[in-house]
């Protein structure tokens, strides 16, 4: 790829663990990209421009702005009383090996309710794809974002999400990583208004030499705000994964609560797993918790399967599929669930092929 620029993305809000090189990710990317393919089924065009969302910070960070400054393709939608409860489908595909970028922004008016399902296709030509999603969530509005990543083995995706939630505003995020290529994922949520909230469920399957880089940042700004982050994943072969999960209680966010948990199943001798659960606090009367469970299948579990004539490889596949199935059943869209189920089977079969 020509004319590559190095960006620092997915930065921790507070630097730590310098020697592990986990404070951010250096990523080479060509900013001279074409617009990607963005097909939207449903939705209503907003009376706003993409530039109206420039003030909303995102998980990847400001270094990534250059990727969306010129040729990015996308739309600005509105959620209001006329389309309350609607589900909008967004199909995203790269447009070639030289790289492409796009966006989907949503203005969620007061009292609105919308589900946005973004599906990232395989992109047979490979290359890089950068996509940014932003939400301005006003009082009493609810947005549910579902993202399904099915990129091919020669594709690298940078997924960048940002949102601001006013009083009683709520953002729910469900992300399922079942692609074959590398994924860099950043999500940042500003809980500005009183009782604003966010819930995030993320599931990933890393295999072969895949790289998965996740950065979640939740800023508690208003009083009585709430966040809950649950991440479940499986790493196989020589896959590499880093998870940064930051909950930041700002001054004035009294009576707020935040919790984050990650569970990682390690099924390869050469996997690399890094997890940083981080809680920052500038307010006294708050509740924050974090934790991580990382390990292999224990002997009791393997004995249970063996006693029923199930070998280790099959047992590992069953555990992996079970973890993902719990998540994709939450999609609440029959066609998308079937698509994920089919893709998961394909990826697990792909993993059995030699490195």
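Here are some notes:
- From the list 102, 94, the one residue that fits, being crowded, with 18+ Cβ neighbours inside 10 Å and closer than 23 Å to residue 217 by Cβ, is 102.
- Pairs are defined by a Cβ separation below 7 Å, a sequence spacing of at least 6 or placement on different chains, a first member in the range 149-173 that is at positive phi and at pLDDT 95 or above, and a second member that is part of a loop (DSSP other than H, G, I, E, B) and surrounded by fewer than 24 Cβ atoms within 10 Å (Cβ to Cβ); the pairs so defined are 168/139; 168/140; 168/193; 168/195.
- Members of the range 117-128 that are modelled with pLDDT of 95 or more and crowded, with 24+ Cβ neighbours inside 10 Å: 120
- Considering residues of the range 236-245 that are in a loop (DSSP other than H, G, I, E, B) and either out of contact with any helix residue (DSSP H, G or I) (no Cβ under 8 Å at 6 or more places or on another chain) or modelled with pLDDT of 95 or more (or both) only, the residue surrounded by the fewest Cβ atoms within 10 Å (Cβ to Cβ): 238
- Residue 348 being in a helix (DSSP H, G or I), at pLDDT below 85, within 28 Å of residue 211 (Cβ to Cβ) and more than 19 Å from the chain's Cα centre (by Cα): no
- Meets criteria (modelled with pLDDT of 95 or more, farther than 19 Å from residue 131 by Cβ, assigned to a strand (DSSP E or B) and touching a helix residue (DSSP H, G or I) at 6+ places or on another chain (Cβ under 7 Å)) for residue 248: no
- Close pairs from the range 332-355: first more than 22 Å from residue 237 (Cα to Cα), partner loosely packed, with under 12 Cβ neighbours inside 10 Å, Cβ under 7 Å, at least 6 apart: 337/329
- Residue count for the range 203-212, restricted to those that are in contact (Cβ under 8 Å) with a residue 60 or more places away in the chain and either farther than 30 Å from residue 312 by Cβ or crowded, with 20+ Cβ neighbours inside 10 Å (or both): 4
- Candidate set from the range 298-318 (those that are closer than 18 Å to residue 234 by Cα and surrounded by 16 or more Cβ atoms within 10 Å (Cβ to Cβ)); member that is modelled with the highest pLDDT: 317
- For the criterion of being within 26 Å of residue 268 (Cβ to Cβ) and in contact with a strand residue (DSSP E or B) (Cβ under 7 Å, 6 or more places away or on another chain), residue 199 fails.
- Of all residues in the range 70-106 being within 22 Å of the chain's Cα centre (by Cα) and not in a strand (DSSP E or B), the one that is nearest to residue 335 (Cα to Cα): 94
- Residues of the range 157-181 satisfying the condition of being touching a strand residue (DSSP E or B) at 6+ places or on another chain (Cβ under 6 Å), in a loop (DSSP other than H, G, I, E, B) and closer than 14 Å to residue 221 by Cβ: 169
- Residue count for the range 58-73, restricted to those that are closer than 23 Å to residue 88 by Cβ and modelled with pLDDT of 95 or more: 3.
- Filter pass, residue 199 being touching a residue at least 12 places away in the same chain (Cβ under 8 Å) and buried (at least 24 other Cβ atoms within 10 Å of the Cβ): no
- Residues of the range 213-226 that are surrounded by 24 or more Cβ atoms within 10 Å (Cβ to Cβ) and part of a strand (DSSP E or B): 214, 215, 216, 217, 218, 220.
- Annotation: of all residues in the range 129-148 being assigned to a loop (DSSP other than H, G, I, E, B) and free of Cβ contacts under 8 Å to residues at least 40 places away in the same chain, the one that is surrounded by the fewest Cβ atoms within 10 Å (Cβ to Cβ) is 140.
- Test: residue in the range 326-339 that is on the phi > 0 side of the Ramachandran plot and not in a helix (DSSP H, G or I): yes
- Within the range 251-269, the set of residues being on the phi < 0 side of the Ramachandran plot, modelled with pLDDT of 95 or more and in a loop (DSSP other than H, G, I, E, B) comprises 251, 253, 254, 256.
The values are calculated or read from the model by the stated rules, or taken from the named source; none is laboratory data. This structure is a prediction, so every number in the text was calculated from the model and none was measured. So basically every Cβ, Gly included, is an ideal-geometry build from the backbone, and we count neighbours across all protein chains shown.
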